Amino acid sequence: MSFIELLLIAIGLSMDAFAVSICKGLSAPRLRLRHSLICGVYFGLFQALMPLLGWLLGVRFQAMIASLDHWIAFILLGIIGVNMIRESRECGEESLNSSFSFRTMLPLAVATSIDALAVGITFAFLDVSIGMAVSIIGLTTFVLSFAGVFVGNVFGTRYK
């Protein structure tokens, strides 16, 4: 898998973390650099960890299902795509929580990285350098989450 393909996957995976980071920036009454670093580290770390865990699971069972691996990859990526489209059409209001504590950030980081676990399982059946993939996904998510807090705060202070 090429660098560009991995970067596009990383951008797609980091969009939910980016959206949550924007909300965290909107909810922060007084933004500090520490807030952006917290979001970037939590989301980047979990987005990197989950594909690695998925890849480890997929490699473990690869020999058992090698004849079906291309269909499994197709189905898993299809499910992720359908789920992303479904989530984008939800209209429910969500409450803003301005806390950047461990108790707040950990569930958010886990929830935004579940799709990365499925992508990691898919990586086990494809020709992917898992080290490069995990690095690109983690760094991309860190940068977008870090920036998302600032973007949210700018819009929050400007437009209330």
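The values are calculated or read from the model by the stated rules, or taken from the named source; none is laboratory data. Computed from a predicted model, the values in this text were never measured in an experiment. Neighbour counts are summed over all protein chains in view; Cβ atoms, including those assigned to glycine, are modelled from backbone coordinates with ideal geometry. With ligands, DNA and RNA removed, areas are computed over all heavy atoms of the protein, side chains included. Shrake-Rupley method; radii C 1.70, N 1.55, O 1.52, S 1.80 Å.
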Selection from I38, I79, L52, by position along the positive dipole direction of the chain (Cβ): I38
Distance histogram in 10 Å bins (all Cα pairs of the stretch 37-160, percent per bin): 12, 35, 33, 15, 4, 1
Rounded tilt (10° steps) of 102-112 against the dominant C-alpha axis of the chain: 40
Degrees between helix 130-159 axis and first principal axis of the chain (Cα, 0 to 90, nearest 10): 20
Qualifying trypsin sites (Lys or Arg not before Pro) in the stretch 75-148, DSSP loop, other Cβ atoms within 10 Å at most 10: R89
Accessible area (Å², per residue) of the stretch 74-160, counting only protein heavy atoms and a probe of 1.4 Å: 61
The chain - charge dipole about Cα centre, Lys and Arg +1 at Cβ, Asp and Glu -1, debye rounded to 20: 760
Listed residues M132, L13, M105: farthest to the positive end of the dipole of the chain (Cβ charges): M105
Angle in degrees between helix 114-123 and the longest Cα principal axis of the chain, rounded to the nearest 10: 30
Dipole moment magnitude, nearest 20 debye, the stretch 81-160 about Cα centre, only Lys, Arg, Asp, Glu C-beta charged: 280
Label-point separation in nm, M132 to W71, each point 7 Å along Cα→Cβ: 3.0
Charge dipole (debye, nearest 20) of the stretch 34-124; +1 at Cβ of Lys and Arg, -1 at Cβ of Asp and Glu: 240
